[in-house]
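Following: one structure in structure tokens, then a few remarks.
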Amino acid sequence: MIGKSIQPEIRALIDARDFTTLKEIFADWYPADLAELIDDLPDEDEAIIFRLLPRKLAAQTYEYLELEKQKSLLKAMGQEQVAAILNDMAPDDRTALFEELPSAAVQQLISLLTPEERATAQSLLNYPEDSIGRLMTPDYIAVRRDWNVQDVLNFVRANGSDKETLNVVYVVDDKGKLIDDIRMREFLLAPLDKQVSEMMDENFVSLPVHADKEAAVEVFKKYNRTALPVVDSDEHLVGIVTVDDVLQVQEEETTEDIQKIGGMEALDEPYLEISLLQMVKKRAGWLVILFVGEMLTATAMGFFEHEIAKAVVLALFVPLIISSGGNAGSQASTLIIRAMALGEVTLATWWGVMKREIIAGLSLGCILGVIGFMRIAGWTLFSDIYGAYWLLVAFTVSFSLIGVVLWGSLAGSMMPFILKKFGADPAASSAPFVATLVDVTGLVIYFSVAFMILRGTLL
């Protein structure tokens, strides 16, 4: 059954403290559904229900829980149960938990592990925090090239129960160097006396253990794999990374980019769990920068105060002009940031992007310019608010919109490239940041066009 929640009968059994019945029921549940149930329970019931689960099921369920829930359960459970869960957890999921705990707590929890699991945990934690080594698990199947299919199947039956995945079998030499990977289905369909060496094509893909974990996302996407081997600098097989861990990395990176695009620092915790003080600090920095940037808009307005005094009608269109440029810039920056994240554009394609944005910016500017012209022309049929020179004002607004939208498109599309060129995160060229930049320069474009068109009339 999929998507269980706190059903009335389950709630009644919990309230009645009928733990025997609950234990029987939960034994047939999927770990993901149990995790969902525990998430919905009051704090006082979480640990009680968790203790009802068989050891292996408890460890699997624990891996599905949110980080904060994992932390609270660690405090609520006894040392013996904590030790059982940590020893039964997948090494990569255990490493992810340890990464989020204080070092003192990690050392205390590592002491609860068996010698074998302790060595594995310490080995994974020794890799750089954002490296693929932190994502991998040493639970894989490795065989030798001189084995036959029967040897491989016997080895899998004897050692495969606690492995992360059995979809792929890895072939290593006598020094542990990775020399091939073979899908399990090939062993299942091959004659039992066929040699592994006869099935090898030595065409495989691997991940460097010290590479940035974001690199794994692109490799998985390119080769459409459920698991990939991880090798050290000498090509020795040290672990595997599975697609579930990579999907989690992608989710985290996408969330971080979206938050940055919104004009703030990326949150380190879920929205409802981060402290109010931390949230204010994450948002205040960018707001101050944007506020100071918008002050330049007032400076630009002050620089053109004489023109505004002579032709007050120009002030009516300031919000229209700067918002159009800011919106165009926000669109362009968002499109390019996402295209970079998906690998659709790179630094080498900046010129192609610029050419496209010049055409797109001119086209969009012309569309808005025509609409702006028609708006002013239509309004003069009912009002003389724009005065005798309404036609020149209409041309001023139209050409200004073309220039501002073109500039906004160029600025928004090129800013991510500039940041990436200097080693910064392209997502930092957020929509609010680009909009602020275009606001200031948009005023310069607007009043410069107005000066050229209205000189000798209103100016």
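Given the Cα-Cα distance of Q108 and E202 and 0.36 nm per residue of separation, how much length would full extension add, in nm? The partial results should precede the final answer.
Details: separation 94, 0.36 × 94 = 33.84 nm, distance 4.35 nm.
So the extension gain works out to 29.5 nm.
Which translational diffusion coefficient, to the nearest whole µm²/s, is obtained for the chain from the Stokes-Einstein equation, given a Kirkwood hydrodynamic radius over C-alpha pairs, 25 °C and 0.890 mPa s? Can you show the working numbers first?
Working: Rh = 27.1 Å.
In µm²/s, the coefficient rounds to 90.
Using 24 Å as the Cα-Cα cut-off, could you pick out the over-long pairs in K213/K260; K221/K420; K213/K281?
Numbers: K213/K260 20 Å; K221/K420 22 Å; K213/K281 27 Å.
Too far apart for the 24 Å limit: K213/K281.
Ordered by residue, what ³J(HN,Hα) values in Hz, to whole numbers, does the stretch 172-182 give under the Karplus form 6.51 cos²θ - 1.76 cosθ + 1.60, where θ = phi - 60° and Gly and Pro are x?
10, 8, 5, 9, x, 7, 6, 10, 5, 10, 9
Which peptide among 245-251, 370-376, 113-119 comes first, and what is the full order, when sorted by highest mean count of other Cβ atoms within 10 Å? Mind dumping the intermediate values first?
Values: 245-251: 18.1, 370-376: 16.1, 113-119: 12.9.
So the order, starting with the most tightly packed, is 245-251, 370-376, 113-119.
Could you check the spin-label model distance between N224 and H306? Points 7 Å from the Cα along Cα→Cβ, value in nm.
The modelled label-to-label distance comes out at 6.8 nm.
Report the charge-dipole magnitude of the stretch 214-285 in Debye, nearest 20, computed about the Cα centre from +1 at each Lys and Arg Cβ and -1 at each Asp and Glu Cβ.
Values: 7 positive and 16 negative charges, 74 e Å.
For the stretch 214-285, the charge dipole is close to 360 debye.
Mind ordering 320-331, 177-188 by average Cβ neighbours within 10 Å, highest first? Don't jump to the answer; show the numbers that get you there.
Values: 320-331: 24.0, 177-188: 16.3.
Result, highest mean Cβ count within 10 Å first: 320-331, 177-188.
Taking 0.36 nm per residue of sequence separation and subtracting the Cα-Cα distance, how much length would be gained by fully extending the chain between W351 and R118, in nm to one decimal?
Values: separation 233, 0.36 × 233 = 83.88 nm, distance 5.20 nm.
78.7 nm is the gain from fully extending W351 to R118.
Label K281 and A377 with points 7 Å out from Cα along Cα→Cβ: what is the distance between them in nm?
5.8
At what distance in nm do the modelled label points of N167 and E344 sit from each other, each positioned 7 Å from its Cα along Cα→Cβ?
2.6
Return the whole-Å distance between the Cα centroid of the stretch 222-256 and the Cα centroid of the stretch 303-332.
Cα centres, the stretch 222-256 to the stretch 303-332: 49 Å.
With a length cut of 24 Å (Cα positions projected on each helix's long axis) and a Kyte-Doolittle mean of at least 1.0, go through the chain and give me the DSSP H helices that pass. Mind dumping the intermediate values first?
Numbers: long enough: 243-261 (26 Å, -0.78); 276-303 (40 Å, 1.07); 318-341 (34 Å, 0.86); 350-379 (42 Å, 1.09); 390-421 (46 Å, 1.50); 431-454 (32 Å, 2.00).
Membrane-span-like by this criterion, though nothing is claimed about a membrane: 276-303, 350-379, 390-421, 431-454.
Got a sec? Charge dipole of the stretch 301-459, +1 on Cβ for Lys and Arg, -1 for Asp and Glu; which of M374, N327, A411 is way out at the positive end?
Of the listed residues, the answer is A411.
FYI, it's all coordinate maths here, none of it is from the lab. The model shown is predicted, which means the values in this text are computed figures rather than measured ones. All Cβ positions, glycine included, derive from the backbone under ideal geometry; neighbour counts span all protein chains shown.
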